[in-house]
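The structure appears right after this line, and notes come after that.
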Protein chains: 2
Amino acid sequence: MPQTTPKRAEIIAIGSELLTPERVDTNSLIVTRHLNLLGVEVAAKHVIGDDRARLTEAIRTALERSDILILIGGLGPTEDDVTRDAVASALGRQLALSLEQESILLEKFRRINRTMAKNNLRQAYLIEGAEALANPHGSAPGQFFSTDRGAVALLPGPPRELEPMVEHELVPRLKPVLPPQVIRVRTFRITGIGESDLDTLIAPVYTKYTNPVTTVLSSPGDLWVHLRAQSDTEAEADALLREVGNPIAELLGDRLYSEQPDDTLDTVVARLLRQRRATVATAESVTGGLLAGRLTDTSGSSDYFLAGYVTYTDEQKHQILGVAKDLLAHHSAVSEPVAAAMAQGARARSGAIYGLSTTGYAGPSGGTEFDPVGTVYLGISGPDGDRVVRARHGGDRYRTRTLATQGALNLLRKSLLKPSARKGL
Amino acid sequence: MPQTTPKRAEIIAIGSELLTPERVDTNSLIVTRHLNLLGVEVAAKHVIGDDRARLTEAIRTALERSDILILIGGLGPTEDDVTRDAVASALGRQLALSLEQESILLEKFRRINRTMAKNNLRQAYLIEGAEALANPHGSAPGQFFSTDRGAVALLPGPPRELEPMVEHELVPRLKPVLPPQVIRVRTFRITGIGESDLDTLIAPVYTKYTNPVTTVLSSPGDLWVHLRAQSDTEAEADALLREVGNPIAELLGDRLYSEQPDDTLDTVVARLLRQRRATVATAESVTGGLLAGRLTDTSGSSDYFLAGYVTYTDEQKHQILGVAKDLLAHHSAVSEPVAAAMAQGARARSGAIYGLSTTGYAGPSGGTEFDPVGTVYLGISGPDGDRVVRARHGGDRYRTRTLATQGALNLLRKSLLKPSARKGL
């Protein structure tokens, strides 16, 4: 297959805190993922402290070797924020106040009713020839300019500002700078299976191919499979993705919750709730509010989320959710019948179509011989009746709570996928 | 004050896998921790692929700038393992087979009953003038040699080989190369002020000093200030931290919630609740369960967290929390009186000593002219009476919810700090 020489990039993360034993640069992973999708390989990454001279030198060296240079961080309002200055001196360009950026900044402060401290004005200075990259999630704009052999970009350090800027501002500006090459990606979002079980399941399919390249990523209760096909034409790349992806999708079954890379289990559940015109209420013990927090994370969630009850004591489970006292005494609060009664209680108390419950031992202390730390019961009560699943997780408190939250959302997703849930339409 | 110039180190991690979107170099954190304890600052970190030419150049550049160079990885037996070759060529030194290392290798293979593949012999080559560093957990030895201004070390990539080698082999060899020196750190954890306001407040103090070095880190509603002092003796370093740190602490006032680097607002609030033998219940609207989630994040939280109510509808606010219907009709659910009534309701409903409430507009839709998107009311009801604070946040839904959660926790912290809260003891 004919193949143009790929462009090479270097990434410099700026910040003295990234040179301490406590912090690691993860921003470069976000940038790398997007660069790879454009066919750009990352040849080196660097972390430099808030030291203008050293950074200037690092920029100069990187530009001698690489086509594309991405700088992350050091764009804030303080003396420590040296990136703009360093890029300007490395390239022998001027920094000039952009009146447009100044008024954008002033407007941002006006909107939150705060006077802008004078040092914030540093953020309105652009490098000669650079274009500002909009930052709707923070105050510092990014900057971008193309060079003879590629481009340079300055991006903000906070991940919530960085990620959308890379996607919406950087990628569209890099594309015209790069040799035409088609890279197509197919993403599977998966829950309800562990990473090594997933690999055992799908490796027999994907290991037969080097194009597309297959990558498996995991976080607790949530997995991604990325297929990345490279070709001369879109049609060819898409054919490769079908050839490998379709058998994988079949193997995944209902553990595959979306093929949209921007989806999360939360947005998928939110969409299903809206489509089915369903409503939900939660009764949480082990997840302590995290489940309600996830269900209300999406704007407009008041359309389907009615109420959440975090009942940490037996007394509250009885009083608020109506769980019978002898049920609690007989089976204990961490049990299948109590999980069912909690889900029923949430449903009855709120008038929601679905009640969702969690109870379990998050640890590190607690648990019984039969239900050791890490055991959770997840309940759902709905028009189809009640269901409780028991799961036992390894790992720490955070992991148990996260997996229980994810599991409860998945329980709701599966109920909403049943043909009977469509009757509401 | 007498001050020897601190030695500066650079760390290069070698391995193409560290340039993918999936992997991050954490080995350098181990090395950094040990270097800092020896008074050595890490001035820069790099990740280079398995590319001999690029690595050679990176080594040459690093040695021009820094006293100590630590290379991690690329010491294995394959063609990809280029570190030995690159260091030798960067310094114009020879690589020579060490008969001692060859016999150690052969012995290692003999002990596990395996024939040594020929390529393993690469691992027995030492750079001219280098000393081998024993590797009881793997096959490749490390290497160390001192230079005019410092030292160079080659260390293996697998963490279980790296960590003991740093501690037992590298540190004892670095000590004689270094000037005797002490580094001490002081950390402030801060909430209730924004990053640029914080900087305006404390910059007049810290900018007067280059030692200690001051770093400000921020995440929504949570800030860190690190002071790092370098000196010949512990007493001198501590005196520097007092000289700069004490005026900063005074300026911060009760926005300073801890000086323990491992503390979070959550652990500080948890500790205060325990100390005061207090209990808490939450009534959430805008934070949708996140506040309860944070309060139950710490193990043993059932000792002080009694219940959480996520009341998303007016009906639920009335039914569960007893908020009067005409209060809701008159003032709307996002208002000072409703925030107060929610906090009172949570307290009354659960029997907790404190009731904590949140209501507001997280957006992106909703809001009124007087209370636009981003406005939150945070309420507390306790033995001292009721208090409601109003705050208006810029940014997106995530930021508003996070800042509201953080603000509510801070409200509770401040109440628990009052002398009257100690009566419980």
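The values are calculated or read from the model by the stated rules, or taken from the named source; none is laboratory data. Because the structure is predicted, anything quoted here is derived from the model rather than measured. We place every Cβ from the backbone using ideal geometry, glycine too, and count neighbours over all the protein chains shown.
Where the second residue is part of a helix (DSSP H, G or I) and the first is more than 7 Å from every other protein chain (Cβ to nearest Cβ) and lies in segment B:305-319, which pairs have Cβ atoms under 7 Å and are six or more apart or on separate chains?
Partner pairs satisfying both residue conditions: B:ASP314/B:LEU328; B:LYS317/B:LEU328; B:LYS317/B:MET342; B:HIS318/B:LYS325; B:HIS318/B:LEU328.
How many residues are among the acidic types (Asp, Glu), facing chain A (nearest Cβ under 7 Å) and under 14 Å from B:PRO158 (Cβ atoms) if we restrict to segment B:19-33?
0
Could you please let me know if A:GLN123 is within 14 Å of chain B (Cβ to nearest Cβ), surrounded by 18 or more Cβ atoms within 10 Å (Cβ to Cβ) and without any contact (Cβ under 8 Å) to a residue 60 or more places away in the chain?
yes
May I ask you to list the residues in segment B:373-400 that are within 8 Å of another protein chain (Cβ to nearest Cβ) and not in a strand (DSSP E or B)?
B:GLY374, B:HIS393, B:GLY394, B:GLY395, B:ASP396, B:ARG397, B:TYR398, B:ARG399
Out of all the residues in segment B:51-73, is one or more among the hydrophobic types (A, V, I, L, M, F, W, C), out of contact with any helix residue (DSSP H, G or I) (no Cβ under 6 Å at 6 or more places or on another chain), without any contact (Cβ under 8 Å) to a residue 40 or more places away in the chain and at the interface with another protein chain (Cβ under 8 Å from one of its Cβ atoms)?
No: segment B:51-73 contains no residue that is among the hydrophobic types (A, V, I, L, M, F, W, C), out of contact with any helix residue (DSSP H, G or I) (no Cβ under 6 Å at 6 or more places or on another chain), without any contact (Cβ under 8 Å) to a residue 40 or more places away in the chain and at the interface with another protein chain (Cβ under 8 Å from one of its Cβ atoms).
Please verify whether segment A:155-166 includes one or more residues that are over 18 Å from the mean Cα position of the chain (by Cα), assigned by TED's automatic domain parsing to the domain that holds A:THR26 and of a type in the set (A, V, I, L, M).
Checking segment A:155-166: at least one residue is over 18 Å from the mean Cα position of the chain (by Cα), assigned by TED's automatic domain parsing to the domain that holds A:THR26 and of a type in the set (A, V, I, L, M).
Kindly list the number of the only condition in (1) under 25 Å from A:THR61 (Cα atoms); (2) within 14 Å of chain A (Cβ to nearest Cβ) that fails for B:ARG93.
Failing condition for B:ARG93: (2).
Within segment B:299-316, does at least one residue satisfy the condition of being at pLDDT below 95, over 23 Å from A:PHE305 (Cα atoms), within 29 Å of the chain's Cα centre (by Cα) and in a loop (DSSP other than H, G, I, E, B)?
yes
Could you tell me how many of the residues in segment B:343-377 are of a type in the set (Asp, Glu) and in contact (Cβ under 8 Å) with a residue 12 or more places away in the chain?
Number of matching residues: 1.
Filtering segment B:212-234 down to residues that are of a type outside the set (Asp, Glu) and more than 23 Å from B:ARG8 (Cα to Cα), which residue is modelled with the highest pLDDT?
The extreme case among them is B:LEU223.
Pick from segment A:110-120 the residues that are at the interface with another protein chain (Cβ under 8 Å from one of its Cβ atoms) and assigned to a helix (DSSP H, G or I): which of them is farthest from B:GLY194 (Cα to Cα)?
Checking each candidate, the answer is A:ARG111.
So for segment A:404-417 (the condition being touching a residue at least 60 places away in the same chain (Cβ under 8 Å), outside any helix (DSSP H, G or I), under 26 Å from the mean Cα position of the chain (by Cα) and closer than 30 Å to A:SER258 by Cβ), does at least one residue qualify?
Within segment A:404-417, not a single residue is touching a residue at least 60 places away in the same chain (Cβ under 8 Å), outside any helix (DSSP H, G or I), under 26 Å from the mean Cα position of the chain (by Cα) and closer than 30 Å to A:SER258 by Cβ.
Pull out all pairs, ordered by first then second residue, where Cβ-Cβ is under 8 Å, the residues are six or more apart or on different chains, the first lies in segment B:152-164 and is assigned to a helix (DSSP H, G or I), and the second is among the aliphatic types (A, V, I, L, M) and at pLDDT 95 or above.
Correct list of pairs: B:LEU162/B:VAL31; B:LEU162/B:ILE72; B:LEU162/B:LEU155.
Determine the pairs where a residue that is farther than 23 Å from A:ASP199 by Cα, located within segment A:227-248, has a partner that is crowded, with 18+ Cβ neighbours inside 10 Å and modelled with pLDDT of 95 or more with Cβ atoms under 8 Å apart, the partner being 6 or more residues away or on another chain.
A:SER231/A:LEU240
Please return the ranges of strands (runs of 3 or more DSSP E) entirely within segment B:175-283 where 1 or more residues are of a type in the set (A, V, I, L, M, F, W, C) and either closer than 30 Å to B:GLN316 by Cβ or away from chain A (no Cβ under 11 Å) (or both).
Ranges flagged: B:182-190, B:222-231, B:256-258.
State all residues of segment B:332-345 that are among the β-branched types (Val, Ile, Thr) and either surrounded by fewer than 24 Cβ atoms within 10 Å (Cβ to Cβ) or not assigned by TED's automatic domain parsing to the domain that holds B:THR311 (or both); if no residue qualifies, say none.
If the condition is that a residue be among the β-branched types (Val, Ile, Thr) and either surrounded by fewer than 24 Cβ atoms within 10 Å (Cβ to Cβ) or not assigned by TED's automatic domain parsing to the domain that holds B:THR311 (or both), then B:VAL334 is the only one that fits.
Give the residues of segment A:346-367 that are more than 11 Å from every other protein chain (Cβ to nearest Cβ), more than 18 Å from A:TYR312 (Cα to Cα) and either surrounded by fewer than 22 Cβ atoms within 10 Å (Cβ to Cβ) or of a type in the set (S, T, N, Q) (or both), sorted by residue number.
Passing the criteria: only A:ALA348.
Are any residues in segment A:181-197 in contact (Cβ under 8 Å) with a residue 40 or more places away in the chain and out of contact with any helix residue (DSSP H, G or I) (no Cβ under 8 Å at 6 or more places or on another chain), and if so, which ones?
Correct list: A:GLN181, A:THR187.
Which condition from (1) more than 10 Å from chain B (Cβ to nearest Cβ); (2) touching a helix residue (DSSP H, G or I) at 6+ places or on another chain (Cβ under 6 Å); (3) at pLDDT below 95 is the one that A:LEU106 breaks?
Single failed check for A:LEU106: (2).
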